[in-house]
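Q: First the structure, then my questions, so here it is.
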Amino acid sequence: MDKSKVPVEQRAALSLLVDDHRSVKKLFKAFQESKNDAEKRSIASETCQQLTVHAQIEEEIFYPALRGASGKIDDMLDEAKVEHTVAKDLIAQIEAGTSEMLEAHYTVLTEYVGHHVEEEESELFPAVIRAKVDLRDVAQQLEARKAELTGQLA
Ligand SMILES: [Fe+2]
Ligand SMILES: [Fe+2]
């Protein structure tokens with residue numbers, strides 16, 4: 001999604017989330033390209049941390065701010081919530097799992113999160129823009145909560 005074309009009421013909030021998506025996608029690519037087990041393990045753990053924080057700020061702040069904006073948005077939020085649950089289950093398996101299973105778990109996570117991110121950026125975010133939801137305060141809340149959670153995990 002082209003951040004410069006997003007109206008100012010939604011720009012900061014959606015940009016923050018899109019930047020998170022880009023960051024995780026870079027990690028997916030780095031994992032795929034790595035030939036080193038220790039490096040793969042460390043990329044996987046960074047991915048899990050970033051996704052955990054991202055899912056949490058969406059669930060605590062972003063999704064609730066969109067609730068009720070339209071029937072279609074509510075349906076997408078229900079679906080997103082289910083998808084987060086599945087992603088979190090995969091994250092838990094990666095964090096607890098054996099190194100033999102890392103490749104398999106991580107590959108499924110890559111595909112699964114890729115699909116979820118695509119839906120957010122191509123369906124949910126445009127719907128939010130069309131519904132003219134004012135997300136300026138939400139952007140600040142997302143940023144503050146992300147900093148707080150990232151600090152706790154570091
Ligand atoms: Fe999400
Ligand atoms: Fe997201």
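The values are calculated or read from the model by the stated rules, or taken from the named source; none is laboratory data. Keep in mind it's a predicted model, so treat the numbers as computed, not measured. Virtual Cβ from ideal backbone geometry, glycine too; neighbours counted across all protein chains shown. SASA here: full protein model, heavy atoms, side chains in, ligands and nucleic acids out. Shrake-Rupley method; radii C 1.70, N 1.55, O 1.52, S 1.80 Å.
Q: Got a number for residues in the range 91-112 being within 14 Å of residue 49 (Cα to Cα) and either within 15 Å of ligand 2 (Cβ to nearest atom) or open to solvent by 60 Å² or more (accessible area, probe 1.4 Å) (or both)?
A: So the count comes out to 5.
Q: More than 22 Å from residue 115 (Cβ to Cβ) and open to solvent by less than 50 Å² (accessible area, probe 1.4 Å): does that describe residue 73?
A: No.
Q: Which of (1) away from ligand 2 (no atom under 14 Å from the Cβ); (2) within 11 Å of the chain's Cα centre (by Cα) is the odd one out, the single condition residue 71 does not satisfy?
A: Going through the list (1) away from ligand 2 (no atom under 14 Å from the Cβ); (2) within 11 Å of the chain's Cα centre (by Cα), residue 71 breaks only (2).
Q: Given the structure, is residue 30 in contact with an Asp or Glu (Cβ under 9 Å, 6 or more places away or on another chain), farther than 14 Å from residue 125 by Cβ, among the aliphatic types (A, V, I, L, M) and away from ligand 1 (no atom under 16 Å from the Cβ)?
A: Considered against the rule, which asks whether it is in contact with an Asp or Glu (Cβ under 9 Å, 6 or more places away or on another chain), farther than 14 Å from residue 125 by Cβ, among the aliphatic types (A, V, I, L, M) and away from ligand 1 (no atom under 16 Å from the Cβ), residue 30 comes out as yes.
Q: Let me ask you something else. Kindly evaluate residue 120 against the criterion of being under 15 Å from residue 16 (Cα atoms) and open to solvent by less than 80 Å² (accessible area, probe 1.4 Å).
A: Yes, satisfied.
Q: Now, a different point. Looking at the structure I just gave you, is residue 80 open to solvent by less than 20 Å² (accessible area, probe 1.4 Å) and within 16 Å of ligand 1 (Cβ to nearest atom)?
A: yes
Q: Search the range 24-43 for residues that are outside any helix (DSSP H, G or I) and pair each with any residue that is open to solvent by less than 90 Å² (accessible area, probe 1.4 Å) and not hydroxyl-bearing (Ser, Thr, Tyr) when their beta-carbon atoms are under 6 Å apart and the residues are at least 6 apart or on different chains.
A: Short answer, once both residue conditions are applied: 34/40.
Q: Filter the range 13-28 down to residues that are among the small types (Gly, Ala, Ser) and surrounded by 18 or more Cβ atoms within 10 Å (Cβ to Cβ), then give me how many there are.
A: Counting residues in the range 13-28 that are among the small types (Gly, Ala, Ser) and surrounded by 18 or more Cβ atoms within 10 Å (Cβ to Cβ) gives 1.
Q: How many residues are within 14 Å of residue 110 (Cα to Cα) and away from ligand 1 (no atom under 15 Å from the Cβ) if we restrict to the range 33-47?
A: 6
Q: Considering only the range 33-60, state which residues are more than 17 Å from residue 21 (Cα to Cα) and under 14 Å from the mean Cα position of the chain (by Cα).
A: Within the range 33-60, just 60 meets the criteria.
Q: Filter the range 44-68 for residues that are touching a helix residue (DSSP H, G or I) at 6+ places or on another chain (Cβ under 8 Å) and more than 19 Å from residue 152 (Cα to Cα); which is nearest to ligand 2 (Cβ to nearest atom)?
A: Here the residue is 62.
Q: Select from the range 1-25 the residues that are over 20 Å from residue 63 (Cα atoms), away from ligand 2 (no atom under 15 Å from the Cβ) and among the basic types (Lys, Arg) and list them in ascending order.
A: Matches in the range 1-25: 5 only.
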